[in-house]
Amino acid sequence: MACDYSASRQNSALRVILLFFTAMAIPYIKPHLSYVAQLELLKSRRMQFADETKALHLLEKIGYYRLSGYWYPLLADKGNHIFKTNASFETAFNLYKFDRELRKIITAEIEKIEIAIRAKISHELSMAYNPFWIEDFSLFSSAQNHRETLNKVREEYARSTADFATAFKNKYSNPLPPSFMLLEVVSFGVLLRLYNNLLSSKAKKDIAETFGLSDTVFVSWLHSVVSIRNVCAHHERLWNKKLRIQPLFPRKPRQVWLTNNSVNNNRLFYALSIILYLLNTVNPKHSFKQKLCDLFAKYPNVDKAAMGFPADWENEPLWKT
């Protein structure tokens, strides 16, 4: 009875808190504006336009809300949405173009990393155990976590229309194919959940050791890569974003890494450094650094400090060309 009474009191308190915050909330009643009205609103807030016809076209094809993330840094008064002197629509659009091209470069490089990691995990664990290691609950630390992940694996395999998946389903009685097939159809996020939940073992450590990292650092870096990949896949603003994932700083990496320990690990520079580090193993002849340098040269007004780049970033051994 005492437990029931205590639980009832807690539920009552939660309802009071919920009612309080509900009362504090206000409904959204702003009208949706036409493209011309959107442009006039920006002009009233002191934004300048070199070509209003082109601006109207971009408001229609890209959208006011998506573009607003790129003119936010141009505001002098963020509360009242008043722009700085000489802030222009064209400056915001250039930031949008920079961000779009940056995401394309990153996506292409993450693809190389992802494919290499899929292959490495499948090979090492299949050699250490067997090709069907994914279905072996004894290899994982949390049975509940693995059960949920395995359900995701089954769903993604069932949805797959890849020729090899269809051929396996038609020919063999196994509910799931061997890992070298299966890991080709599951998402990178699901792959990370599998790896993260593996019990510590020589095979797991060997996978991380391929990149000169401990398995804990390697997992945190993969979380960061997955997060960045998802931002890019959903065409979200990236360049000055405060990142949700804060990957670990390696203590004794076996390869060249950052010497500046004060770099923010929730900004893009740190994530780009992770991608560069992993690429140096996956594809040593990559052109990632050159592509980024070319992009910065194309958009010289982009504030790299807002991306977390330290002033001396070009002197870092990892980033020296």
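Every number in this text was worked out from the coordinates using simple rules, so none of it is lab data. Everything numeric here is computed off the predicted structure, so don't read it as measured data. Here the Cβ is made from the backbone with ideal geometry for all residues, glycine too, and neighbour counts use every protein chain on show.
Where a Cα-Cα gap under 15 Å defines reach, which aspartates and glutamates qualify for LYS202, not counting those fewer than 8 residues away within the same chain?
Filter leaves GLU124, ASP215.
What helices does the chain have that are whole DSSP H segments, at least 20 Å long along their own axis by Cα, and with mean Kyte-Doolittle hydropathy of -1.0 or more? Spell out each step's value before the answer.
On the way: long enough: 2-24 (33 Å, 0.58); 89-128 (57 Å, -0.06); 143-159 (24 Å, -1.88); 215-233 (26 Å, 0.93); 268-282 (21 Å, 1.95).
Qualifying helices, which must be both long enough and hydrophobic enough, are 2-24, 89-128, 215-233, 268-282.
Using only alpha carbon pairs under 8 Å that are at least six residues apart, calculate the relative contact order of the chain and give it in whole percent. Display every interim value, and only then the final one.
Working: 299 pairs, mean separation 49.3, N = 321.
It rounds to 15 percent for the chain.
Could you tell me the calculated FRET efficiency between ASN174 and GLU40, based on Cβ-Cβ distance and R0 = 45 angstrom, to the nearest 0.05?
Efficiency, from the Cβ-Cβ distance: 0.10.
Give the cross-link partners of LYS171 among the lysines, using a straight C-alpha distance below 30 Å as the criterion and excluding same-chain residues fewer than 8 apart.
Cα-Cα hits under 30 Å: LYS120, LYS152.
So, in nm, how far is label ASN315 from label ARG159 when the simple model puts each one 7 Å beyond its Cα toward the Cβ?
Each label point lies 7 Å from its Cα, and together they span 4.9 nm.
In nanometres, what is the gap between the two model label sites at ARG66 and PHE296, each 7 Å from Cα along Cα-to-Cβ?
Between ARG66 and PHE296, the label points sit 2.8 nm apart.
Please give the net charge around THR210, taking every other residue with its beta carbon less than 14 angstrom from that of THR210, where Lys and Arg add +1 and Asp and Glu add -1.
Numbers: positive: ARG118, LYS120, LYS202, LYS204, LYS205, ARG254; negative: GLU124, ASP206, GLU209, ASP215.
Net of charged neighbours comes to +2.
By count of other Cβ within 10 Å, fewest leading, how are THR91, THR161 ordered? The partial results should precede the final answer.
On the way: THR91 20, THR161 7.
Lowest count first: THR161, THR91.
For ILE115, ILE274, ILE29, ILE105, which order do you get if you count the other beta carbons within 10 Å of each Cβ and list the fewest first?
Taking fewest neighbouring Cβ atoms as first place, the list is ILE29, ILE115, ILE105, ILE274.
Neighbour counts of other C-beta atoms within 10 Å: give me HIS123, HIS146, HIS81 arranged from fewest to most. Walk me through the numbers before you get to the answer.
Numbers: HIS123 14, HIS146 22, HIS81 17.
Ranked by crowding around the Cβ, least crowded first: HIS123, HIS81, HIS146.
Excluding residues fewer than 8 places away in the same chain, name every one of the lysines whose C-alpha is closer than 22 Å to that of LYS304.
By straight Cα distance, LYS304 reaches LYS78, LYS84, LYS97, LYS104, LYS241, LYS242, LYS289, LYS291, LYS320.
What are the residues whose amide H is under 5 Å from the amide H of SER88, where those residues sit 5 or more places off or on another chain and H is modelled from the backbone?
HN-HN under 5 Å from SER88: GLN48.
What residues of the stretch 265-286 lie in the reach of a label at THR210, counting those whose backbone N is under 12 Å from a point 7 Å from the Cα along Cα→Cβ?
281-283
Would you mind calculating the gained length between HIS235 and PHE249 on full extension (0.36 nm times residue separation, minus the Cα-Cα distance), in nm to one decimal? Show your work: numbers first, answer last.
Details: separation 14, 0.36 × 14 = 5.04 nm, distance 2.75 nm.
That works out to 2.3 nm of additional length.
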